[in-house]
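Participant: One structure, as structure tokens, below. Some questions next.
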Amino acid sequence: MPVTIALPKGKLGEDAEKAMIQSGILGSVVPKDSRRLIFDMGQDIRVLLVRAWDVPTYVEMGAVDLGVCGKDDLVEHDADVLELLDMDFGHCKMCVAANKHTRKEELFSRSFVRVATKYPNIAKKFFSTISVQAEVIKLYGSVELASVTGLSDCIVDIVSSGGTLRENGLEMMQEIFESTARLVANRSSYYRNLDTISRFVTLLTK
């Protein structure tokens, strides 16, 4: 049986693919010129291309053996997977941001705030830890607009350079954690394919 790997679509997946090619795990680039989503990459490896958001679910449920996803998605899903390796790319920060005229101390001293985010579990947990009651508004698009339009008092989102925040008059109030790409494994698959997966981890750390 081949080891199946879920790679996220987009930049994170491209960087993961490059790392796997450079390490010798993959012998070639995964074809991107078709609508296929499953690729046999030799006798030992099968690659699935999925949305980054879905990688933790595919791995946890055993549909694939390994996956690459951001720490942000792992924390939001609270996925029961084995985190094998920090792949040291896809650097960004999960943070609370608000209008640049907002004072951090004033925001975090309120008894109630409205928070817009794509990461409701992370947002709820953070505000719970600072004893602030939060109404969390789940959005799927540009969460910056929620703060700009007054829909929310602040946002919880992933930030890379911070350029989008600045362009929309927002400012980081608090970093919650740093996120990078992680190699994760299904718990049963890890022990079933221990030799192969251990070899992959070794190759990726060279």
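Participant: Scan the stretch 19-55 for residues that are assigned to a loop (DSSP other than H, G, I, E, B) and either among the aliphatic types (A, V, I, L, M) or in contact with a Ser or Thr (Cβ under 6 Å, 6 or more places away or on another chain) (or both) and jot them down.
Facilitator: ILE25, LEU26, VAL29, VAL30, LEU37, MET41, listed by residue number.
Participant: What are the residues in the stretch 70-84 that are farther than 20 Å from PHE126 by Cβ and surrounded by 20 or more Cβ atoms within 10 Å (Cβ to Cβ), if any?
Facilitator: Within the stretch 70-84, just VAL81 meets the criteria.
Participant: Would you confirm whether or not the stretch 62-69 contains a residue that is under 19 Å from ASN193 (Cα atoms) and surrounded by fewer than 18 Cβ atoms within 10 Å (Cβ to Cβ)?
Facilitator: Yes.
Participant: Can ASN99 be described as surrounded by fewer than 16 Cβ atoms within 10 Å (Cβ to Cβ) and out of contact with any His (no Cβ under 6 Å at 6 or more places or on another chain)?
Facilitator: When the stated conditions are applied, ASN99 does not pass them.
Participant: Continuing with the same structure: Only one residue in SER179, SER198 is polar (S, T, N, Q), surrounded by 12 or more Cβ atoms within 10 Å (Cβ to Cβ) and touching a helix residue (DSSP H, G or I) at 6+ places or on another chain (Cβ under 8 Å), so which one is that?
Facilitator: None of the others qualify; the one that does is SER179.
Participant: Considering only residues that are acidic (Asp, Glu) and outside any loop (DSSP other than H, G, I, E, B), which ones fall in the stretch 68-102?
Facilitator: Answer for the stretch 68-102, where residues must be acidic (Asp, Glu) and outside any loop (DSSP other than H, G, I, E, B): ASP72, ASP73, GLU76, GLU83, ASP86.
Participant: Could you look through the stretch 151-168, keep only residues that are modelled with pLDDT of 95 or more and in a loop (DSSP other than H, G, I, E, B), and pick out the one that is surrounded by the most Cβ atoms within 10 Å (Cβ to Cβ)?
Facilitator: Checked the stretch 151-168; the qualifying residue surrounded by the most Cβ atoms within 10 Å (Cβ to Cβ) is SER152.
Participant: Enumerate the pairs (first residue in the stretch 152-171 and touching a residue at least 40 places away in the same chain (Cβ under 8 Å); second residue anywhere and among the hydrophobic types (A, V, I, L, M, F, W, C) and part of a loop (DSSP other than H, G, I, E, B)) with beta-carbon separation below 6 Å, excluding pairs fewer than 6 apart on the same chain, so at least 6 apart or on different chains.
Facilitator: From residues that are touching a residue at least 40 places away in the same chain (Cβ under 8 Å), the pairs are ILE155/VAL143; ASP157/VAL143.
The values are calculated or read from the model by the stated rules, or taken from the named source; none is laboratory data. Owing to the predicted nature of the structure, the values given are computational and were not obtained by experimental measurement. Positions of Cβ are generated from backbone atoms using ideal geometry, with glycine treated the same way; all protein chains shown enter the neighbour counts.
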